[in-house]
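First up is the structure itself, then whatever we jot down about it.
The values are calculated or read from the model by the stated rules, or taken from the named source; none is laboratory data. What you see is a predicted model, and the numbers here were worked out from it, not measured in a lab. Heads up, the Cβs are rebuilt from the backbone with ideal geometry, glycines too, and the neighbour counts pull from every protein chain shown. Side chains are part of the model used for accessible areas, which takes the heavy atoms of the whole protein and leaves out ligands, DNA and RNA. Shrake-Rupley method; radii C 1.70, N 1.55, O 1.52, S 1.80 Å.
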Amino acid sequence: MVIRLIYLLACQTFRWLALLARSDASKDTEILMLRHQLAIARRAQPRPCFSWSDRAVMATLLRMIVSKQRRSQVALLISPRSVLRWHARLIAWKWTYPSRRPGRPPKPEALRQLVLRLARENPGWGYRRVHG
């Protein structure tokens, strides 16, 4: 039991020394990230639901944490894969074209009325001439 206690104290001491070696910006970014996640978790009923602004903040802060190793050590509500999925959806939404009906667009009603009037006034023309 004493050996385990000494081991845990030594591990914690090394963690503190590693924390001292990190930059202030890195520490501040991590604190902001964790505070934002805590705010999201507090307002969630059964499961956190991210709004687009939450996603933007989380992606930005996650990007500011420089090393991949450090990103994997931070306790996150999301995985880096989730951020990539959000980005892919955003790009897909931006580049999808609005849906259109298939085929040729309809002719104006005035043109339709004109063609019908010409067909009525000239019964000898036939289909070919009215069509042309």
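Across the chain, Cα pairs under 8 Å and at least six residues apart give a relative contact order of 18 percent.
Each other residue within a Cβ distance under 14 Å of Trp93 adds +1 if Lys or Arg and -1 if Asp or Glu, for a net charge of +4. Once the 1.4 Å probe is applied to the protein heavy atoms, the chain comes out at 91 Å² accessible per residue. With both labels modelled 7 Å from their Cα along Cα-to-Cβ, the Thr96 to Leu116 distance reads 3.8 nm.
Which value in deg cm²/dmol, rounded to the nearest 500, describes the helix-derived mean residue ellipticity at 222 nm for the chain, given -39,500 (n - 2.57) per DSSP H run of n ≥ 4 and division by the residue count?
-22500 deg cm²/dmol
Legend: residues Trp93, Trp86, Trp125, sorted from most to least accessible area (1.4 Å probe; ligands, DNA and RNA excluded), read Trp93, Trp125, Trp86. Consider the candidate values (i) -0.64, -0.78, -1.09, -1.15; (ii) -0.54, -0.72, -1.24, -1.35; (iii) -0.78, -0.91, -1.16, -1.21; state which one is log10 I(q)/I(0) by the Debye sum over Cα atoms at q = 0.13, 0.15, 0.20, 0.21 Å⁻¹ computed from the structure displayed. It is the value labelled (iii).
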